[in-house]
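Participant: Provided herewith is a single structure, encoded as structure tokens, for subsequent inquiry.
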């Protein structure tokens, strides 16, 4: 059983390590060390881009608990005040990361529990892209983000980036629109409508 003092101290250490995106190596090594020495994981590795992957158990279901180790740039002095722990990443997302790591260490049910501490979430999502590329076999996945301590978020907002090129073909000046039919606008509208339908699905 992990004590509250152990949990607080581990989170404090994680917060004291400055981890802007792509500079997570020191924290990754700390997590690997704790997994091997204290937390009872059976397999721990750091992959080629710096993600920490640790597993316990065997068989199904295979449950992934995933969080990111990086933070946005900027440092906040680590301190405990009125029973709250402050520091860069305490909320987003070293608090959730360490919580899930310790939860995994307490896992005693049937199946396999997988902990992943990923890199570069605040940048180009390099870590999670590598997990997808590796085709990690899981049945369920939980991601640690600051969505509140009393609820689970079923979905999370995302972003759709578009690069649009318009071919104006036989166009005319707006002062004389009757001289030509603006096919590019029609095609643009049709394509955006199709894409919107796909995204909504």
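The values are calculated or read from the model by the stated rules, or taken from the named source; none is laboratory data. Worth saying up front: this structure is predicted, and the values here are computed from it rather than measured. Cβ: placed from backbone, ideal geometry, glycine included. Neighbour counts: every protein chain shown.
Participant: Would you call residue 26 more than 16 Å from the chain's Cα centre (by Cα), farther than 22 Å from residue 140 by Cα and at pLDDT below 95? Can you show your working first?
Facilitator: Values: more than 16 Å from the chain's Cα centre (by Cα): yes; farther than 22 Å from residue 140 by Cα: yes; at pLDDT below 95: no.
So residue 26 does not fit the description; no.
Participant: In addition: What number goes with the only condition from (1) closer than 27 Å to residue 6 by Cα; (2) over 18 Å from the mean Cα position of the chain (by Cα) that residue 162 does not pass?
Facilitator: (1)
Participant: With the condition kept exactly as written, say whether any residue in segment 21-44 is free of Cβ contacts under 8 Å to residues at least 40 places away in the same chain and assigned to a strand (DSSP E or B).
Facilitator: yes
Participant: Another question, if that's okay. Given the criterion out of contact with any strand residue (DSSP E or B) (no Cβ under 6 Å at 6 or more places or on another chain), surrounded by fewer than 21 Cβ atoms within 10 Å (Cβ to Cβ) and in contact (Cβ under 8 Å) with a residue 12 or more places away in the chain, identify the matching residue among 105, 82. It would help to see each step written out before you state the result.
Facilitator: Values: 82 fails: in contact (Cβ under 8 Å) with a residue 12 or more places away in the chain.
The match here is 105.
Participant: Okay, moving on. Looking for whichever is within 24 Å of residue 10 (Cα to Cα) and outside any loop (DSSP other than H, G, I, E, B) here; the options are 142, 76. Which one fits? Before you say what the answer is, go through the steps one by one.
Facilitator: On the way: 76 fails: outside any loop (DSSP other than H, G, I, E, B).
Within the list 142, 76, the selection yields 142.
Participant: Right, another one. Among the candidates 63, 2, single out the residue that is within 23 Å of residue 148 (Cα to Cα) and touching a strand residue (DSSP E or B) at 6+ places or on another chain (Cβ under 8 Å). Please lay out each step first, then the result.
Facilitator: Details: 2 fails: touching a strand residue (DSSP E or B) at 6+ places or on another chain (Cβ under 8 Å).
It is 63.
Participant: Does residue 186 qualify as being at pLDDT below 80, on the phi > 0 side of the Ramachandran plot, more than 15 Å from the chain's Cα centre (by Cα) and not assigned by TED's automatic domain parsing to the domain that holds residue 99?
Facilitator: Details: at pLDDT below 80: yes; on the phi > 0 side of the Ramachandran plot: no; more than 15 Å from the chain's Cα centre (by Cα): yes; not assigned by TED's automatic domain parsing to the domain that holds residue 99: yes.
No: the conditions fail for residue 186.
Participant: Determine, yes or no, whether residue 97 is surrounded by fewer than 21 Cβ atoms within 10 Å (Cβ to Cβ), in the same structural domain as residue 13 (by TED's automatic domain parsing) and touching a residue at least 60 places away in the same chain (Cβ under 8 Å). Give the derivation first.
Facilitator: On the way: surrounded by fewer than 21 Cβ atoms within 10 Å (Cβ to Cβ): no; in the same structural domain as residue 13 (by TED's automatic domain parsing): yes; touching a residue at least 60 places away in the same chain (Cβ under 8 Å): yes.
Against the criterion (surrounded by fewer than 21 Cβ atoms within 10 Å (Cβ to Cβ), in the same structural domain as residue 13 (by TED's automatic domain parsing) and touching a residue at least 60 places away in the same chain (Cβ under 8 Å)), residue 97 does not qualify.
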